[in-house]
Structure formats: C-alpha cells, structure tokens
Amino acid sequence: MEKTTIKQPFPLWALVSLSTAYFMVGTSSLSVIALTWQISDGLRVPPADIAFLVTVFALTFAFAAPLTQVIFSRFARFNILCAGLAILALALILGAVSTSYEMLFASRGLMGLGAAAISPMCSAIGAGLAPPEQQGRAMGIVFAGLTFASVLGTPISAWLGTLIGWRPVLIVLAAVSLASLAAIWLLVKDRQAGAKISYGHIFEALTRLRSSFAILMTFLQMTSIFCTYALIAPYMSHKFGMAENLIAVVLLAYGVNGVLGNVFAGPLSDRFGPEKVIIFSLIGLGAGYLAIWEIDANLWLAFVAIAVWAIFGMMFHSPQQQRIANIDPERRSLLLALHAAALYLGISVGSWISNFVFVRWGYEVLPLVSLAVLFLCIAIFAASAYAAKNGTSHGGNRQ
C-alpha cells in the first residue's frame, strides 16, 4: 500500500524544486512552438510541420507514462524522476545537434520518454508531501511549473531564438534541466516506492467509470486548447497582422494569465472543492474561445481574449489533479500517470487537428474547433458528476 508522507511545516522548497521539473517538461515540449520560424528556416520545412514536433513528443509521453509506472514500480519514485530529467537533458542536446528534420523528430520522441518519467512522479511525490487540507495548494505549486513554462520558458525561448538561434536555446534548456535535477536531489527527501502496479491495474483504471471519465476530461480539455494554440503564431499573424518578432509577446501574455489562473485554482479548490472550480474553468475557457474567434482585427481585444483563455484554461489542472489523486490513493502514481498521459495525448491530438483543419479550411475556424471539443469535455464532466451523485460505478470504483 502506498503511504502518504506528511511533512510539517509546509514543504515549500521541496515543492518548488518539483515545480522546476514540471517547468522543464513544459518548456521543452512547447519550445518548438516558440521557435517555429527559426526551425522552419534552419531545416527548410513548412511552419505547419512544426506542429508534428509537438505531436511526437506528446504521443510518446502519452504511451510511455503509464508503462513506466508498471515497468519501474519497484523503484523509488525519486530515482525515476531523476532519471527522467537526465534523459530529458540528453534529448535536448541531441535536438540541438540535429542536421535534419527527421533527426530532430527522433530527439523529440526521446524527450517524451524522459518527460513521461518526470510529470507523474512530481505530482505523486508532491501530493504526499502536504497534509490533506493543504493538498490543493501543494498541487498548485507543483503544477505551477507548467504555467511558468508558458509565462517564462516559452516566450524566453522565442526571444532567445531570435538572438542566438534555436540550437543554442536547446543547449540552454538542457543545462536548466540538469540544474533542476540538482535542486530536487538536495531538497526532496521522499525515497518511497509506489504501490506495485501491473498492466491489469491500468486496464482497471481505464474501465472504472469515475477514473476513466476523469482521464477523458483531461484529454478533451487539453485537445481543445491545442486545436488553436499549436498554430497560435501563424493564427495571430494571419488574423491580427502581428509581426513575426512579436509572437513572444503573445506567448508571454498567455503565460502570465495562465499563472494567475493556476494561483487562484489551488486556494479555491481547497475552499470550494475541485469539482466547482473545474466547471467554472471550463465555462470560462469556452468564453475565451468565442472571444478570440468573434472579435475583429483588433489586437488589444485579442490580448483580452487570450487572457480569458489562459486564466480559465490553466485554472483547470491543479483541481483536476487533486480530484484524480484522491480517486484511489493506493494507486495514486498510476492515476496521475494516466492523467499526464491524457494531457499530452490531448496536446498530440490537438496539434494534429490544428494542422488538419488549417490545411483544409484555414486558420479562421480553429477557435470554433476548440469550442466543439470543449463541449464534449463539459458533457463528460456532467455525466461523471451525475454518475457519482447517483452511486453509479463500474468494476468496483470508489466513489
């Protein structure tokens, strides 16, 4: 049985160090979006093909995350996390020396393998470091790394890309990954292994009503975001006439407001419960999609719409992780791995849909596609809430 470690006082710096690992996963996965034009010019590929570099990372992550839980479940979570950071750094270096699009594509797959060992372990360790009444705050701090990847990592990558080129940017990211590894080594004392996990446990988690619906929600929410975000640079240029060198400003605006959403989410979840915060975030996200689609070529209003989109989009994740972590505490690591897999599978599928829609119908309809996918997410949440209220379960699911 997986034990929950409670440390007093609140283990802020240990949680912050875990957040830096999340930061590196987020920055590494999204850096190619920030470097779209530089990579496109350097390797002589169409800008739309950069979306596939996001896809291969995300798809590899999605399949590797739950399998890592099975194959390495007898190892300490701390060791799995550190190994993942080392692999991530190696993959970034290989990407920096790539001489072709295919070689960069392969390095992104290796990067996904490393990230698959990082995110679930960060969440599982972080959830166990804080007492239950502060779990929302703890999960918010850990997940804040991904939001800071938007506010700092991605726009800084875009800015550095214009100054020094995309290859040196990847080297810098590799160095920061190793620095994150050192911080975790010094500050995180959790050396526990998780509960023994088998392939049967994966099947069980994916067929239980409550856990499967929760995982599907994560997938749909992230898919909806990346149906537009994967091609946000050319979308802003096409609709609002934004210059190429100003895309870092768009990413910065998205990231700053995403951080605000994450900051609000943790305390709100502890006070009102994760379910209420989740539905609030989904409705607000839909309003952001409608705004970015509806407004005319007014750049200031575009930034307002992006702010709404980012705040409510990022508000979803820490209460969702809190909810999933408490479905079955004995298999917390597995459920969080499936959550992370769904998140990155959503990035992969959303990026693919973004490219598919652009090729056939152009950039204009991307926010409407995001909104359609979001409606499915809200429907799944409503069905899940109804099932939980009426005690409906499958396969012995804990309600």
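Backbone geometry of segment 307-313 corresponds, through the Karplus equation with coefficients 6.51, -1.76 and 1.60 at θ = phi - 60°, to 3J(HN,Hα) couplings of 4, 4, 4, 5, 4, 6, x Hz, x marking Gly and Pro.
Sites count as exposed loop sites when they are trypsin sites (Lys or Arg not before Pro), lie in a DSSP loop, and have at most 14 other Cβ atoms within 10 angstrom; the longest stretch of the chain without one is 197-397. Summing charges over neighbours of LEU92, with a neighbour being any other residue whose Cβ is under 13 Å away from its Cβ, gives +2 when K and R count +1 and D and E count -1.
In order along segment 90-98, the phi-based Karplus estimate (6.51 cos²θ - 1.76 cosθ + 1.60, θ = phi - 60°) of 3J(HN,Hα) comes to 4, 5, 5, 5, 4, x, 5, 9, 4 Hz; Gly and Pro are listed as x.
Phi angles of segment 264-280 translate, via the Karplus equation with coefficients 6.51, -1.76, 1.60 and θ = phi - 60°, into HN-Hα couplings of 5, 5, x, x, 5, 5, 5, 7, 9, x, x, 4, 5, 5, 4, 5, 4 Hz per residue; Gly and Pro are given as x.
Mind sorting out which of (1) 143; (2) 119; (3) 152 is the real volume of the Cα convex hull per residue in Å³ computed from the coordinates? Recomputing volume of the Cα convex hull per residue in Å³ here picks out (2). In terms of surrounding Cβ atoms within a 10 Å radius of their Cβ, HIS317, HIS238 rank from fewest to most as HIS238, HIS317. Farthest towards the positive end of the charge dipole of segment 12-389, among the residues TYR386, SER31, LEU260, is the Cα of TYR386, using unit charges on the Cβ of Lys, Arg, Asp and Glu. Ranking LEU104, CYS122, GLY153 by how far each Cα lies toward the positive end of the dipole of the chain (charges on Cβ) leaves CYS122 at the top.
For the chain, modelled as a GNM whose springs connect Cα atoms under 10 angstrom apart, the maximal fluctuation among ASN262, ASN326, ASN298 occurs at ASN298. Evaluated with a Cβ-only charge set (Lys, Arg +1; Asp, Glu -1), segment 12-389 carries a dipole of roughly 840 debye about its Cα centre, given to the nearest 20.
Between the residues GLN221, ALA297, ILE184, the greatest Cα displacement towards the positive end of the dipole of the chain, with unit charges on the Cβ of Lys, Arg, Asp and Glu, is found for ILE184.
Among the lysines of the chain, pairs that are 8 or more positions apart or on different chains and have alpha carbons within less than 20 Å of each other number 4.
Every number in this text was worked out from the coordinates using simple rules, so none of it is lab data. Everything numeric in this text was worked out from a predicted model, so none of it was measured. Methodologically, a virtual Cβ is constructed for each residue, glycine included, from the backbone with ideal geometry; neighbour enumeration extends over all protein chains shown.
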